[in-house]
Amino acid sequence: MPYLLHYGIPIRYSHVTRDWPLAAYQTVFARRPGSAEMPSASRPFTPSVVTELVARGVLIAPLTLHAGVSSLEDGEDPYPEPYDVPPATARLVNHVRTHGGRVIAAGTTVVRALETAAGTDGFVAPSAGWTSHVVTPQTGVRAVDGLLTGLHEPRSSHLRMLAAFAGADLLSRCYEAAITAGYLWHEFGDVHLLLP
């Protein structure tokens with residue numbers, strides 16, 4: 001870690017035209033180092049946004065999934081990634097689902113962690129380790145009802161995950177609209193909400 005902090009630089013996508021300090025890549029939810037890329041769906045959250053959401057009754061539960069390199073562009077599945085769904089988070093997710101609420105994941109990393117920890121009944125157990133789970137239209141989603149996410153490349157595992165929420169046709173129309181409007185992708189890009 002000291003070597004990376006001294007010599008490493010953040011992954012930067014083509015629409016990001018200048019270097020940003022490492023602190024700009026940290027989301028409000030970051031607690032410990034370990035990700036190769038910023039889980040960018042959380043970029044819009046600020047302390048004041050989180051405070052406003054909580055004041056309106058939105059429950060926020062912490063978990064960890066250290067994001068690997070998401071720019072695999074030839075249809076490869078993501079590499080195994082370390083995750084941790086703590087007991088309090090599992091209890092809260094299950095409470096929300098039992099009482100008819102919706103679990104909205106702030107990013108594909110959250111989906112991957114929760115779906116790894118979910119049983120076939122959709123209930124989440126505390127769990128930690130390394131996950132190779134890939135969410136696709138074929139595997140479906142069991143524990144997550146909606147997704148706040150960035151825009152992802154064609155053939156990426158992230159895009160297959162989005163299709164598991166929205167279906168291929170709707171997702172195709174959404175991406176066509178985003179491209180037409182000039183939305184930006186990945187870090188420092190735009191974020192959209194999928195609520196099937």
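With no solvent and one equal point scatterer placed on each C-alpha of the stretch 2-62, evaluate the Debye formula and give log10 I(q)/I(0) for q = 0.14, 0.16, 0.29, 0.30 Å⁻¹, two decimals. The computed values of log10 I(q)/I(0) come out as -0.52, -0.64, -1.39, -1.44. Measuring r between the beta carbons of Thr17 and Arg91 and using R0 = 30 Å, the FRET efficiency lands at 0.10.
When the chain is treated as a GNM with alpha-carbon contacts under 10 Å, the residue of Gly100, Gly146, Gly122 showing the greatest mean-square fluctuation is Gly100. A convex hull fitted to the Cα coordinates of the chain yields 134 cubic angstrom per residue. Calculate, in nm to one decimal, what Asp169 and Tyr3 gain on full extension: separation in residues at 0.36 nm each, minus their alpha carbon distance. Length difference between fully extended and current span is 55.2 nm.
Entry note, the chain: relative contact order of 21 percent, from Cα contacts under 8 Å with a spacing of 6+ residues.
Please work out the FRET efficiency for the pair Thr98 and Thr120, using the Cβ-Cβ distance as r and a Förster radius of 25 Å; give the result to the nearest 0.05.
0.95
For the residues Leu184, Leu53, Leu151, a GNM of the chain with alpha-carbon springs under 10 Å puts the largest fluctuation on Leu53. With q set to 0.20, 0.21, 0.22 Å⁻¹, the log10 of I(q)/I(0) for the stretch 26-136, from the Debye formula over equal scatterers at the Cα positions, is -1.16, -1.25, -1.34. Between Ser48, Ser157, Ser40, the Gaussian network model of the chain with springs among Cα atoms under 10 angstrom shows the greatest mean-square fluctuation at Ser48. Close amide H contacts of Val103 (hydrogens built in the peptide plane, cut-off under 5 Å, sequence separation of 5 or more or a different chain): Asp145, Gly146. Here the stretch 42-68 is scanned for amide nitrogen atoms under 13 Å from the site 7 Å beyond the Cα of Ala24 along Cα-to-Cβ, giving none.
Read the figures in this text as sums done on the coordinates, not as results from a lab. Keep in mind the model is a prediction, meaning the values are calculated, not measured. In this analysis, Cβ positions are derived from the backbone assuming ideal geometry, glycine residues included, and neighbour counts consider all displayed protein chains.
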